[in-house]
Amino acid sequence: MLGTLRFRLTALFLVAVLVFGLVSIGLAVRLFQDATRQQSVDELRREASGLAALYAESALRSSDEGAKAPEFAAKKLELATGDELYYIGASLFPGQRFGLTRLPRSALGGANLDRDRQVIVEFTPPGESRRLLAAAQPVQLVRGSEPFGWLIVAKPETELREQWLSLLGRLALALAVGVALAGLLFLWLSRRLTEPVRVLTRATEEVAAGRYDVEIPEARGTDEIALLSERFRGMVAKLAEAEQLKRSFLMSVSHELRTPLTAIRGHVEALREGVVSEPDQVSASLDIVAAETDRLERLVGDVLDLAKLQAHRFTVRHEEVDLERVLDQAYGAFAEEARRREIDYRLTGVEAALVIVSDGDRVLQVITNLLSNAFRWTPDGGRIELQLARANGRVAVDVLDTGPGVPPSQRARIFEAFVSQDADGTGLGLPIARELAVALGGGIELRSDVATGSRFRLVLPVLPAPVS
């Protein structure tokens, strides 16, 4: 469970959400601290300015009219504002108590008090451990004159701390709830995302065990997982098809091997038991054994050639190849069959001294395979033509026949190994021809019509002869 993709995705998402949330809370708390401090400073400034003016006015009236000092005003003002009031300097009401707690100037920790402007200070009252944030306002009986002292309006910094701690607790609770909800949501989403992957994982295990009939649900959507499911379904279908083709091939090869082996075994037993004793009969039996042995050798050679070509372990030689000689040799190999089946068999377009650099034996093998395919499908009395042409630095060898043609749906499949519409064929001739053509630096092209027949074209490059 802990090592699954679903768990890792969920854990990674929750960690990302948590980190983002903590960073956001840190920034929010910091901004809130700055905002509350500035708000408190603004409030202290307003209160200090107003109270200083109030006490200055009271001091003037006391001096002019002999009014008493407002002894109880300080306590009432502290209750009204929620702040603490202090005073530094000479008495505003000589010989009278006016209710403000007086502080020595040293209590401000060496802060510079301006005679004309307000000053924001932090200090600890004598005998206490509390830290206060305060605004010190000069008290001037006449504007611009020397101040009598400074009115201090202060509030404990713990009040500010309590405010942002309260906010921090609420934000932490909101983060916890958000992370929980996000975790549940992403757990559901991750299940939706990883379920197709888990299905594919189970399917791969089935395919690895050789069971290609595994059911893969149709993928919904056009995302990467849907594309992966679609590609995997196609791969499994191709694997199943390949497995079926291999089985068909093994059955076909078994049949092809059994037929000559049966013939060889029958003639060998007849010779061994003396059933065949006449010299002519013995010679005929030995000829049949030799022919069937050649057939076995060709079949095994084709299988080995195809395996080497598909494994890219096939060696191609580079030598001067006289195409006139190669085409004459390929043409002559089927001349007797054409005469026997009354097929109009022609060789055209051959130029003298047309030499390319390639592997002559493999070029002959490709052309022979194409001619063999043409004779296999052309009916008696039909027409087969072998043509040679040269253009744009390449040569083209065409094999035309008047067979039944190849339907469009089968034109790619006939070049696949083990695919044959002929019950007597192994389906190796055309795949070997195509792989050889590619190995020689060329290719095979097909044009076919179900009414007129097919044209297989071998295209090869014309390379300059090597310098001797």
Label model pair residue 197, residue 239: point-to-point distance (7 angstrom along the Cα→beta-carbon line) in nm is 1.9
Can you count the Lys pairs in the chain whose Cα atoms are under 17 Å apart, with each pair 8 or more apart or on different chains? 5
Filter the chain for me: DSSP H helices, axial length by Cα at least 20 angstrom, mean Kyte-Doolittle hydropathy not below 0.5. List them by residue number. 157-208
Within the set of other residues whose C-beta is less than 11 Å from the C-beta of residue 154, count the net charge using Lys and Arg as +1 and Asp and Glu as -1. -4
Using 0.36 nm per residue of separation minus the Cα-Cα distance, give me the extension gain between residue 329 and residue 41 in nm, one decimal. 92.9 nm
Mean residue ellipticity (222 nm) of the chain, computed from DSSP H runs ≥ 4 via -39,500 (n - 2.57), nearest 500: -19000 deg cm²/dmol
Rounded to the nearest whole Å², what accessible area per residue is found for the chain with the 1.4 Å probe? 59
Any chance you could run the full-extension gain for residue 162 through residue 261? It's 0.36 nm times the residue separation minus the Cα-Cα distance, nm to one decimal. 25.6 nm
Taking the Cα centre of the chain as origin, sum charge times position over the Cβ atoms of Lys and Arg (+1) and Asp and Glu (-1), and report the length of that vector in debye to the nearest 20. 2720
Distance between the stretch 104-139 and the stretch 157-215 - C-alpha centres, whole angstrom: 53
The percentage of the accessible area of the chain (probe 1.4 Å, all protein chains present) made up of carbon and sulfur atoms, to the nearest whole number, is 56
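The values are calculated or read from the model by the stated rules, or taken from the named source; none is laboratory data. Please read these numbers as outputs of a predicted model, since none were measured by experiment. Glycine gets a Cβ as well: all are built from the backbone with ideal geometry, and neighbour counts include every protein chain shown. With ligands, DNA and RNA removed, areas are computed over all heavy atoms of the protein, side chains included. Shrake-Rupley method; radii C 1.70, N 1.55, O 1.52, S 1.80 Å.
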